[in-house]
Structure formats: C-alpha cells, structure tokens
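Working notes for the structure below.
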Amino acid sequence: MKSALVPILRSNPIKILHLEDQPSDADQVAYILKKADIAFELKLVSTRIEYIDALETFEPEVVLSDHSLPSFNSIEALEILRTTKSKIPFVLITGTVSEEFAVEAMHAGADDYILKDRMQRLPNAVTNALQKYQIKKEQEEAETKIKESEAKYRSFFENSMDGMMLTITDGKILAANPAACAMFNMTEQEICESGRFGLVDLSDPRLMPLIEQRQLTGNARGEVTFQRKDGSKFPGEITSSLFVDAYGNERTSMIIRDITERIVAEEKIATTTSSLQKALDELKKVMDSSLDMICAVDEDGCFLQVSAASEMILGYAPDELLGKKIFNFVYPEDLSKTEHSAQHVMAGNALTNFENRYVRKDGSLVTIAWSARWDENERIRYGVARDVTKLKNAEKLIVAERKRLSDLFMNAPVSMCITKGKDYVFELANPIYLELSGKKNIIGKPFREVFPELEGHDLVKLLDSIYDSGQPFQANEIEYKIDRDGNGNFTSMYQNVFQQPYRDIDGNVAGLFYFGVDVTEQVVARRKIEEAQKRYRQIVETAQEGIWVVDRLDKTTFVNGKMCELFGYTPEEMIGEEIYAFMDDEGKEIAANLMQERKNGKSGQGHFKYISKTGKEIWTNISANPLFGEDGSYEGALAMITDITEQKKIEEENKKLSDVASLTVNAVIVTDIEGRITWVNKGFERITEYTLIEVMGQKPGHLLQGPNTDKATSKYMGDCIKNSQGFRVEILNYSKSGREYWLDIEVRPIHNSQHKLTGFMAIEQDITDQKKVELERLALIDSLQNRNKDLQQFSYIVSHNLRAPIAKIMGLVSIMESESEENKFLLTKLNEEAAQLDEVVKDINTIVSARKSTKEKMEQIFFETKVNLIRQVLEETISENQATIITDFSAAPNIWSIKSYVYSIMYNLISNSIKYRKTDVPPLIEVRSTQDEKFICLSVKDNGEGIDLVKNGNKLFGLYKRFHTGNVPGKGIGLNLIKTHAESLGGRVEIDSELNKGTTFHIYIPKHDNNTEIANHTL
C-alpha cells in the first residue's frame, strides 16, 4: 500500500545527497522521487572523500545512503554527519537486513531505513523526515521566543514596586509578584492558595462596592483594608481591571499599593491644616520631584494645583493646566466614566487605582491610574496620577505570551510534560501525555510515584544524567512497559523522545522538558511487515507459479524466479520493460484492453499467450488483480502466472475431438496407450447402452465382443494397438442388453507435441442396417445400372475409347518435342488442344459420376459445423481476399439430408462468392437458413459482381456456361452441380442477382426425419 505524502510547503527543490555506488539503484531512487512529484536537486557520491566534501559544499537537506560502499558503510557515514553537527535527516536505503542491524542503524541516528524492494516508501520517508526536522526547528525557535518574552514579562512583573496579581473572575489567584509577596508576608503559592478574598478584610464596607463597580464597568479603583499572613491589617489602594485573554477567558489584573503611610499622612493633613499649610512649600518640592502627577481640582473640575510630573505624563507644564478643566484632556471614550468617578469621589468615596486615558499635548494617548479623595470642607478633590501605559502594555503582553505558551503546550501534537527538581515532580502535562501514559492526577507528584513500574529502568538513570549534565537528549523508538490501567498488566509502547533541561534565573538546572512522539503503531507495524516480508520473500522465490508486478505505466517492477524461468529472461532484463514487450501484436491489443480493466478496478483470470526470449509461444493461466494506494489511485497490478502450454495443446486437440464427437451420431471412443477407455461420446452410449462411468478404464474388446465376433478381426485389432498403429475394420459387437450390431471402426493413434503416443481415438459407425439391406442394395444397384445403361455406355466410351486416343496423342506429342525446330509450333498447338480435350473428358466424367443413381442414408447435418469446415478448407483463400463470412442459422440450425450433397452445395456457393468478387471490395458472404412446413431454405448472399439474369437466366445452370469477364479461373460446372444436387434431394434452386450489386442463391431442401432415405434418384 502506498502512503499519501505529507506536503512540505516550500518553493525551492529539496537538496538531496545520495550516497550510492550502483548507478541503477541511484536511477531508481530518482525515478521514485520524480514519480511522487517531489521537486529535488540530487548530488550522487560514492566515496568517503566525496561525501565529506558534499556535506560542506552542497549543504544537503537530507542524506540517502546505501549501507555497503567500497570504502566505508552507512554507520560510518552517520558518524561523519553527526561530527559536522548538521541537523539534517539521514535515511538508509539497503537490501534485506537483519532486525539487529536495523535497530543499530536507528540507534546510530538514522531517521528511517527502506528496503530496496520496497522503494514505494521512499517519498513518504523523505517528506516525513524533513517535516520532523522542520517541526523540531520551529519548536526550538518558538521556545527561544517564548523564553525571551517570558524573561521580559518576568523582569517587569518581579521588579514592580507595587503588588501585582493575575486572577480569575471567581477570585482565584493565578500569579503574584515579589512585591505582593513582601506586602502580605506570603509566598506566591500561599497567595494563590488563599485566593483574592483571603487577602482582604471582608468586613470592610468598601469592598463590595468595588467588586460591584468592577463587575459593572470592568474596572475598579479604590481603597480597602487588606490582611497579612499573620492577620495584621493594612490599608491598601487597589486598581482592578477585567480583560479577556487571547483564548476568550475572562481574567482580572490587580495592582495593590500599601497606603498605610499615605493614610497616616492624610489623617494628619485633615487634623493639622495649619501644619500642612506651613509645609506646602516643602510639599510642592516633594510633588515636583514625584514621578506621579499630584493635583488638586475644584468642584467644577478646574486645576488648582499641579505637580511638575504633569509635563512628563501629559506633556503640559503645570502653568498650562492651571484654571483649565481636567475633563478637557480626557480621551472622549473615557469621559463618561471619568465624570462618574469624579461624582463618586465628591460623594465622599475614596478612589483608588481608577484608570482612564488622556490625550497628551502631542496627541498620543496615555493611560493613568488615579488615587483621589474629596475634601468636603475645602470642596477640593485631591488626586495622584501615575502613568501606567507601559504597565498595561506589559500586562497585555504577559497575558498574551502566557496564553500562547499554554496553547502551544496543551494543543501540541506530541506528548509533553514539565518536571521540577531532582525528584522530577510533574508541574505540567498536556492531554496527549496523560492519554499515552494512562495516568491521571499526576501534577505535583514525583516521577517515581507516578511510574513505579519504571523503577530500575534505564529511563530513570537517563533522567539523572540529563539533569546532572544539563545536556539535551534525543532518541527514537525507546520502549517503555507501563501499567496504564493499574491492574498489573504492562503495555509496551515506543516513543521518539527529546528531553531538554531548563534553568532558573541563576542558570542552574531547575527541571526537565519532555517531548515524546508515540510510534508504537509504526514500530509494531514495521516489525510485522518485516516478518511478513521475510515470509513473503520465501514464498515468492519458492513459488511454482510466476509472480509478475507492474506499475501504473504497465512497466515491470518485480518478477520472481519462476517467472524468469518461464520466459527465459533474467530479472534485470524484465524489470523496467512494459508487459507488451513479451507479446505478439495480437496479444498487445488484447492486453491493452485487459490492463484498462485493471485500472478500472476489475480483477481478471484467463488464458494468455506470451513469447519467450527464444521466440517460443508460451500459453499461461493468469490471475490478475489491480493495486491501489491509500488514496485510491491506481498504482499497478499483480499477476499469478502458470505455464499451461502443454495443457493448452492437449485442450485444443481434445476440443477438436470433442467438437467433432459431439456433432456426430457415430460412436467416439478415446483410450489411453493400453487401450483402456478414458472418454466416450453420447453416440457410444446410445449404440452400446453403456454409460461413460460404466466403461471408464475398460478395454472395448473385452466389454463389447461376443460369441459371433470374428476372432481374426479381434486379434488384428489387438495387434495394431500393441504396435501403436491405426486400423479400420468391420466387426460384430454386443450391446449391454445383448443385442448384436455391426460397426465400421476406424482407430487412429494420438500423439502430443513431442510426438509421444498418448492414446487412441476410435470412430465407430453403426452399419447394422446396411448389413441387413446389403442384398436389397445389390438389387437396386443392378436396377440402376440397367436404367442408366446408355449413360454408362457413354461414360465407357468417354473413359476408354476417347481418352485412350487422347492419351496416345499427348504421349506422341511429348516424344516429338525433341524433333526438329520446324515442328515445335505445330506440336505446341496440338498439345494445347489435346490438353483442353482431356479436361473436357474429365469434366464429363465428373458430371457422369455426379449423375449416377444413389441410395444413401440421411444424417443430421448442422449448418454451422459445415461452414466452419469450409472456412478451414478455404482458409488461405479467405485470408488472401480478406473475405468475411457471416452466419445466422437460428431459424433452422440443422437438417436431415445427405451430408455430401449439402456440403457440396454450400462449398460451391461460398467458393464462387469469393471467386467472383469485385476487385476493389473485400467479399462479404452471408449464409442464413429459414424454414416453412415442407422445406428448409439455405440462402447464400454475396456482394460480388452479380449476374445479368435478363441476359443469362435461361442458361444459368448449363455446362461450361460462364457469365463473368476477366481472368477469373473456372470451368462453368459449379452451378450445374449445385442444381443437380439440390434436385436429387427433391429440392430446387432460386437466384436473385443484379450486376455490380451481388447475388443471392436460395436452395430449398425438403424436410425429412432421421429414418428417411433418398433412393433411386438418378442424378
């Protein structure tokens, strides 16, 4: 089965370095890759020096290598490749190898290996290997980018002075930075486990409004009371924003600032106005030195005081802002919520970490986090604004990167996990890893606890080695035996493994990344295939049938030894050749149609003729089946071939015998060389009353002869059989019921193509009735002789009195030819006239012989059989003139009549149709039969020259009458014989003809049953 290729998206051809010393094998590799529509640039090398040079100068993307080479082997080639640190696939292409060698090659670093008699795997092997390395490269690049991004995110996150947390909307905390841990005196894990509501004072009345605000608007900023790990409480300013990550999940970011000191300061400001006033100058200095913009606005929103940070945050100097409304600088989309927050503050509510956007002087946007409160006495709002634009962008980037990392990890097409520490505690595991391992709830558990069955396995030592060395590890088809179901039953699985240590911020190994590709099915399938291939090779090479495989172009891709023995070729001579190279022209046309059926998905079986290397015809029995790839495309065909040449010859002989025997009313017997019966026809069963089963294996003489059988005749027959001679006798036999009957027996020996005797065939005619009427026949003959006395006398005169002088004349002429030259001309003319006269006498004898009285017993005559016999007799004439004979005897397939007359009529009509054809048109002859109550009409129609019936109708059947011009040979007696024979049978002849359009003869023959005889008809 051919596997579907995995496409590699690229515009340039694959650079392939092929290590091979056999050009034919290299050509086959190139052919297979081209056939698979793989664009490639191939460099062929065969020595170590060429190989090393090509690795440096050619820069291949994949290496294909034979195992055995003149100066080194594939294992050495692998070692050379690895020393170059080139990360390219290495595919081994070799003959049949042991399983141990295959394992050694794969352990040595080969990505795949292909047997040379299974080259159809090569395209998949190349594309799969390239894809694997491409995926690996992309993973490494992705990991690098992720690490860089996470490092940036981690640096910002961990170095922020404010406490930062990433939470879920239900209150679960996903992450907390060091500032938050210090603020709450907790570790990050403790913060995550406590949850959002474990960090706040739930009795603080400001908490619920903040939550409702965040739920309503997606953002909230305010002050609430927080509590530390030891239960101590502190006031804090919190900014909370709701966002949706790249996966559509709702997340919440929280920024918390400890405002204990600020609260104390505010309380002091509220209670010590005078002291505050005195410190305004100092405060202004503090304000101007702060990176946060500190401002005061009146109840109308106009700036009363602004710190110097306004120029850094908004791009405006403080003087440019004083007296102007703060709302004039708010980004229009945020104006509504800003006004609402102002009303909220002026209602006596403190505002913490409220975020909105402002339009800077240069037109750019800046995101500001506000803390504000309202002084009811002074009717002034005091606020602190911090530029959090970078923080917001960082938060988005961190969330997006974490989302990408999580997606990559959870949806990767390979099994992945992350372990921490020397105990290899599972921190993460993707679904494929859990599915393959059959384990659940492994997060937080050490490797040995999750996989106790692997204790003592080399894998544990390998983990320690990777962890201690800090070096990555890669291997293919590592076998594990895992108790997946926890019932003590271990399941073997194979994986291609890559393990990579990861380090902490100090550069120390902190844990391991694990990547695994499950190749269990491939390994098991490959081993089964390898075992099957061994068995298949043994079966194929020892098979007594020829095995022939062709590709979709009908070219030979495989033949076994029996196939080569049968055709006389070597495998190398046959492979690559089209199947048509072993056929004659007729066979090629038939085979082309049969191969089209294979391409249409049809199997086939039958007999077919091939031509061997020596030119010998070989008849075979073929069972052929189409071959299809996994995508359903036609890839070729497989045929099982058996030599039936001898069987075919015997079948042809037997068919001829069977055809003749089945059509005759006579008995037919076939025996072995000892004269024991092997087959009889129905005529035998009818005459002897014995069935084939009853007589099988018996000698006819022992079974059928009786007391009145002539002993001398019987002995003569036995002697001929012993001497392998044919014979013909008349003998008296006995039927099963004891009835006596006379037979006319003709026996002939049967030989095969090597002229070896294989048996005898006997044709037996029942002549019992003829024997009984012999006296009557003699009397009838005497009567006929008297009635035809004049004709016989004439015949005698012609035969003796006339022919004798003619013969003497011709003899004298031949003697006189040696005389003088002056007589030669006269002698030549005399000889020609004598020869013509002799031909006339012969014709008269023919007519006289045909007109003799006769009394013959009728036989059942099958028209189709007679036409086939005439085809054989006229085979050369039919072929030379490209004549076509069409028959239709469906209306009357047979007739009871005199066989010789009917045959003569049909023969003369068909031969005349060919003889008097048009010179430029191949003869088309239609022979049909019809019947009415009294007659069966035999019609013969041709497309020849035709006859002018108006001119020649009254002399059509006369002797020596010819109606065609030209050099067509003939004597003009054929139609006379046809008419004479038809009338002697009691019938008649009718003719339809027209010049240049052809002629149709209708011969009407009376119907008779099988007991009727035609007697005393004088022809």
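Given the residues G636, G629, G587, which is the only one that is over 22 Å from Y569 (Cα atoms) and surrounded by 15 or more Cβ atoms within 10 Å (Cβ to Cβ)? Going through G636, G629, G587 in turn, just one is over 22 Å from Y569 (Cα atoms) and surrounded by 15 or more Cβ atoms within 10 Å (Cβ to Cβ): G629.
Residue by residue through the range 491-530, note down the ones that are part of a loop (DSSP other than H, G, I, E, B) and of a type outside the set (S, T, N, Q). D504, I505, D506, G507, V519, listed by residue number. Taking the listed residues I263, I269, the one that is outside any strand (DSSP E or B), at pLDDT below 85 and in contact with a Leu (Cβ under 6 Å, 6 or more places away or on another chain) is I269, with no other qualifying.
Summed over the range 244-256, the residues that are assigned to a strand (DSSP E or B) and either crowded, with 16+ Cβ neighbours inside 10 Å or acidic (D, E) (or both) give a count of 7. Say whether the condition of being surrounded by fewer than 19 Cβ atoms within 10 Å (Cβ to Cβ), touching a helix residue (DSSP H, G or I) at 6+ places or on another chain (Cβ under 6 Å) and at pLDDT below 80 is met by at least one residue in the range 208-231. No, every residue in the range 208-231 fails to be surrounded by fewer than 19 Cβ atoms within 10 Å (Cβ to Cβ), touching a helix residue (DSSP H, G or I) at 6+ places or on another chain (Cβ under 6 Å) and at pLDDT below 80.
Which number in (1) part of a strand (DSSP E or B); (2) in contact with a Lys or Arg (Cβ under 8 Å, 6 or more places away or on another chain) marks the one condition that Q533 misses? Of (1) part of a strand (DSSP E or B); (2) in contact with a Lys or Arg (Cβ under 8 Å, 6 or more places away or on another chain), only one is false for Q533: (1). Here T84 clears all of (1) in contact with an Asp or Glu (Cβ under 9 Å, 6 or more places away or on another chain); (2) closer than 30 Å to E531 by Cβ; (3) of a type in the set (V, I, T); (4) modelled with pLDDT under 90 except the condition numbered (2).
Of all residues in the range 313-340, those being of a type in the set (A, V, I, L, M), under 18 Å from S371 (Cβ atoms) and in a helix (DSSP H, G or I) number 2.
Among the residues of the range 223-239, are any in a loop (DSSP other than H, G, I, E, B), among the polar types (S, T, N, Q) and under 23 Å from A372 (Cα atoms)? Within the range 223-239, none of the residues are in a loop (DSSP other than H, G, I, E, B), among the polar types (S, T, N, Q) and under 23 Å from A372 (Cα atoms).
Check L33, L42 and return the single one that is over 30 Å from Q538 (Cα atoms) and in contact (Cβ under 8 Å) with a residue 12 or more places away in the chain. Explain how you work it out, then say what you get.
Values: L33 fails: over 30 Å from Q538 (Cα atoms).
That would be L42, the only listed residue that is over 30 Å from Q538 (Cα atoms) and in contact (Cβ under 8 Å) with a residue 12 or more places away in the chain.
Within the range 475-490, the only residue that satisfies the criterion of being more than 26 Å from I135 (Cβ to Cβ), in contact (Cβ under 8 Å) with a residue 40 or more places away in the chain and in contact with a strand residue (DSSP E or B) (Cβ under 6 Å, 6 or more places away or on another chain) is R484.
Cβ-Cβ contacts under 7 Å between residues 6 or more apart (or on different chains), taken from a first residue in the range 292-321 that is under 16 Å from R357 (Cα atoms) to a second residue that is part of a helix (DSSP H, G or I), are listed as D292/A309; M293/A309; M293/S310; M293/I313; S310/P318; S310/L321; L314/F329; Y316/S310. From the list V450, V384, V388, the one residue that fits, being farther than 30 Å from R221 by Cα, crowded, with 16+ Cβ neighbours inside 10 Å and not assigned by TED's automatic domain parsing to the domain that holds R82, is V450. Annotation: A308 fulfils all but one of (1) more than 19 Å from K392 (Cβ to Cβ); (2) in contact with a Pro (Cβ under 9 Å, 6 or more places away or on another chain); (3) at pLDDT 90 or above; the unmet one is (3). Check whether at least one residue in the range 570-583 is on the phi > 0 side of the Ramachandran plot, at pLDDT 90 or above and not hydroxyl-bearing (S, T, Y), and report yes or no. Checked against the condition, which is being on the phi > 0 side of the Ramachandran plot, at pLDDT 90 or above and not hydroxyl-bearing (S, T, Y), the range 570-583 yields at least one hit.
Scanning the range 921-932 for residues that are surrounded by fewer than 19 Cβ atoms within 10 Å (Cβ to Cβ), over 52 Å from the mean Cα position of the chain (by Cα) and in contact (Cβ under 8 Å) with a residue 12 or more places away in the chain gives T930, Q931. Residue under question is L166, and the condition is that it be within 59 Å of the chain's Cα centre (by Cα), within 26 Å of N356 (Cα to Cα) and either surrounded by 14 or more Cβ atoms within 10 Å (Cβ to Cβ) or modelled with pLDDT under 90 (or both); does it hold? Here the answer is yes, as L166 does meet what is asked.
So which strands (runs of 3 or more DSSP E) stay within the range 342-419 end to end and still have 2 or more residues that are touching a residue at least 12 places away in the same chain (Cβ under 8 Å) and more than 25 Å from A317 (Cβ to Cβ)?
Hits in the range 342-419: 351-359, 365-375.
For residues in the range 272-305 being in a loop (DSSP other than H, G, I, E, B) and of a type in the set (A, V, I, L, M, F, W, C), which is modelled with the highest pLDDT?
From the range 272-305, those in a loop (DSSP other than H, G, I, E, B) are 272, 279, 290-292, 299-301; that's our starting set.
From what is left, the residues that are of a type in the set (A, V, I, L, M, F, W, C) are 279, 291.
Values: A279: 56, L291: 83.
Among residues in the range 272-305 that are in a loop (DSSP other than H, G, I, E, B) and of a type in the set (A, V, I, L, M, F, W, C), the one modelled with the highest pLDDT is L291.
Taken over the range 602-625, residues that are among the hydroxyl-bearing types (S, T, Y) and more than 17 Å from E565 (Cα to Cα) amount to 2.
Matching residues to (1) surrounded by fewer than 20 Cβ atoms within 10 Å (Cβ to Cβ); (2) over 30 Å from T225 (Cβ atoms):
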site	(1), (2)
L314	no, yes
N328	yes, yes
M346	yes, no
T352	no, no
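Take Y424 and decide whether it is farther than 25 Å from I211 by Cα, among the aromatic types (F, W, Y) and surrounded by 18 or more Cβ atoms within 10 Å (Cβ to Cβ).
Here the answer is yes, as Y424 does meet what is asked.
The values are calculated or read from the model by the stated rules, or taken from the named source; none is laboratory data. Fair warning: this is a prediction, and the values are worked out from it, not measured in the lab. Glycine also receives a Cβ, built like all others from the backbone with ideal geometry; neighbour counts cover every protein chain displayed.
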